[in-house]
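The values are calculated or read from the model by the stated rules, or taken from the named source; none is laboratory data. Everything numeric in this text was worked out from a predicted model, so none of it was measured. Don't worry about glycine lacking a Cβ; one is built from the backbone with ideal geometry, like all the others, and counts go over all protein chains shown. To get the accessible areas, we keep the full protein, side chains included, count just its heavy atoms, and leave off ligands, DNA and RNA. Shrake-Rupley method; radii C 1.70, N 1.55, O 1.52, S 1.80 Å.
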Amino acid sequence: MKKQVIPTQQQIPAQTVAALLQQPLSRVQTQISVPKGAGCPQADHPLHFRSAFASSLKPFHSLVAPSQTPRFETELSFGAPQIDLALEKGTLATNGLHELNPVHWRDQTSAFACALGLISRHQEGQPIFCFLQEDQSELIKWLSSDKVDDFNIQREQLVVVTAKHRDDLLWAIEETVHSIPTAAIIAHFPTLENLAAQRLSYLAKDQRVPCLVVCNHKIEGPVHANSQWSVCRKSDYAHDTKDIGFVLHQKLCLQQNQPGMSWHLIWQSADNRFSASLEQNIRTVH
């Protein structure tokens, strides 16, 4: 193949290339124009504009939804290793419903004391709301006595709400949780319908609050509670509030309908925890 000669007019001299490289770059021309005076307050009310803008600013921590602010630990605990280590993870979730059933009518105070001791360990000065019907005079009297002081609860921290009818009590619980995100709920019902239990379970999970319900009779129907317990008073029950002396029997854990274990609980007010001993003769509770 014959070699062809490249014409000189197709070649760029080295001096020309060097001159092009040494030329300063021109400034970038934008097509964005800002109207004169844009973003500036009008002359007739500059102070009002600045004041309104300043008042609209909020601290960063206040922008977090109250229901998403972690107040509690992941789970409640008794403080007694014999119980806490035996429970499956998630049994006492703080954002859930937990059911305590007194075995007999005389065990109502023991069940309520168990719930109060359990929740008081985790509130750290935050309000504890106790909801009862007006005819529960024994429980109301007990909550008004000095025996509650052993649970390390300040008087201004404990709020007792009473209502004549159960539906009014449910309404009060829902309004309280929506209005006070830091609240913890302990409620007593002689009986509770399954639909009402479902409402409370949804409320506790949605608002991330613990809700402990003491029911004289087991809630019938599908299980909505994270955990279910039976509470009965020991025969050698001591009237000393430091020795509550009741038996706690786990009946349900995370929807697993299997028999649990029983413990004898004693409240240790100095340590703000329970001590527990495993019951050798497990009673059959319903």
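Exactly one of these conditions fails for residue 225: (1) open to solvent by 10 Å² or more (accessible area, probe 1.4 Å); (2) assigned to a loop (DSSP other than H, G, I, E, B). Give me its number.
(1)
Okay, residues lined up against (1) modelled with pLDDT of 90 or more; (2) in contact with a Lys or Arg (Cβ under 8 Å, 6 or more places away or on another chain):
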| site | (1), (2) |
| --- | --- |
| 195 | yes, no |
| 226 | yes, no |
| 234 | no, no |
| 247 | no, yes |
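Kindly provide the set of residues from region 202-222 that are open to solvent by 10 Å² or more (accessible area, probe 1.4 Å) and more than 16 Å from residue 114 (Cβ to Cβ), ordered by number.
If the condition is that a residue be open to solvent by 10 Å² or more (accessible area, probe 1.4 Å) and more than 16 Å from residue 114 (Cβ to Cβ), then 202, 203, 205, 206, 207, 208, 217, 218, 219, 220, 221, 222 are the ones that fit.
Consider region 180-212. How many of its residues are over 14 Å from the mean Cα position of the chain (by Cα) and closer than 20 Å to residue 157 by Cβ?
Looking only at that region, the number is 2.
How many of the residues making up region 71-110 are of a type in the set (A, V, I, L, M, F, W, C), over 18 Å from residue 188 (Cα atoms) and within 22 Å of the chain's Cα centre (by Cα)?
9
Within region 108-193, considering only strands (runs of 3 or more DSSP E) that don't extend past its boundaries, which have at least 1 residues that are open to solvent by 40 Å² or more (accessible area, probe 1.4 Å), within 24 Å of residue 231 (Cβ to Cβ) and in contact with a strand residue (DSSP E or B) (Cβ under 7 Å, 6 or more places away or on another chain)?
It comes to 158-163.
Is region 87-105 home to any residue that is exposed (fewer than 15 other Cβ atoms within 10 Å of the Cβ) and closer than 21 Å to residue 278 by Cβ?
Yes, because at least one residue in region 87-105 is exposed (fewer than 15 other Cβ atoms within 10 Å of the Cβ) and closer than 21 Å to residue 278 by Cβ.
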